[in-house]
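Below is one structure, written out as structure tokens, with a few remarks after it.
Readers should treat all values here as calculations from the given coordinates under stated rules, not as data from a laboratory. Source: prediction; values computed, not measured. Cβ: placed from backbone, ideal geometry, glycine included. Neighbour counts: every protein chain shown.
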Amino acid sequence: LWCFPLGCSGHTQGQFEEFFRKTPLGRYISEADPEMQAEFFHRYLQDFISMTMNVTCQEDLQLLCGALTCCVNELRLRHDDVMEKEVTSLPWVHAAYHEFKNRLQNLSRMISMEPQLAQVLRGNTHAREGDELVLDVYAAVACVEYLEPQALDTDGQRLVWLRQVKRLQVPIELVCAEENLRHYKDRSMAMVHRVQTGWNRIVTLSLFVEHMLLGIEVVEKKLKPLVLEHTRGLCQVSVVWGHIYRNADVN
């Protein structure tokens, strides 16, 4: 069951399910009533997440299980031959993880980097449930919001903020990657534009902080109030950042 979807390229989901139904476990589950089959599915999905991903607490496990369930729902909708009321079988867990692995791993990475992120996502039922994986995009939106600079008055504060930007750069840019954009459905696509706009602004602001504000006291103390004032002004600008960030001269 674990090797079939990865080792047998060219096989369809239907062939995968047929293979599973012929196994002892598959025959046992198929003989159970629909309620018990659904219980088997949810417990197996939870165990699958525990065995394949780095989960440190029960709350994170629940989030990732919800995300994988959305992946299963989204994948099933792509198959016209799947009946809506049909009980979801175990092979769909493997197929969905194989299809959405990079996004699920990136979601897990963001949760581990920002512990408070899990609490925010747990409170967002709209993002945790449904027929489309959107939880990773919502996580990226929250990460961009966390990066809004609160205090840049000293070099210590500036360095801490710049490190935070650098730390979250990879997972946020993965959410905005062209490869992922081609596969996003409507809800994800609507949210990812917020991520792109916010992240472009944060990156451009970080360049300004690193090259203009960092160490300003050593260069000229009298310039500090002026540069700080303009930095705070830059924090409020959002409309033109996409154009500025793509400008090679600015970079």
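The protection proxy used here, the mean number of other Cβ atoms lying within 10 Å of each residue, ranks peptides 32-38, 174-180 as follows, highest first: 174-180, 32-38. Counted by neighbouring Cβ atoms within 10 Å, the residues LYS101, LYS22 run from fewest to most as LYS22, LYS101.
With the simple spin-label model, which puts each label point 7 Å out from Cα in the Cβ direction, the LYS101 to HIS126 separation comes to 3.3 nm. Structural size metrics of the stretch 87-225, computed from C-alpha coordinates, are Rg and Dmax of 18.2, 70 Å. Converting phi to 3J(HN,Hα) with the Karplus coefficients 6.51, -1.76 and 1.60 and the offset θ = phi - 60°, the stretch 171-183 yields x, 5, 5, 5, 4, 8, 4, 4, 4, 6, 4, 5, 10 Hz in sequence order, with x at every glycine or proline. Between HIS42 and MET189, the C-beta separation translates, for a Förster distance of 25 Å, into a calculated FRET efficiency of about 0.30.
According to the Kirkwood expression over distinct Cα-Cα pairs, how big is the hydrodynamic radius of the stretch 137-208, in Å? If you can, show how the numbers build up before the last one.
On the way: mean 1/r = 0.0785 Å⁻¹.
One over the average 1/r among Cα pairs gives 12.7 Å for the stretch 137-208.
Legend: calculated FRET efficiency, LEU181 to ARG27, from the Cβ-Cβ distance at R0 = 45 Å, rounded to 0.05, equals 0.60.
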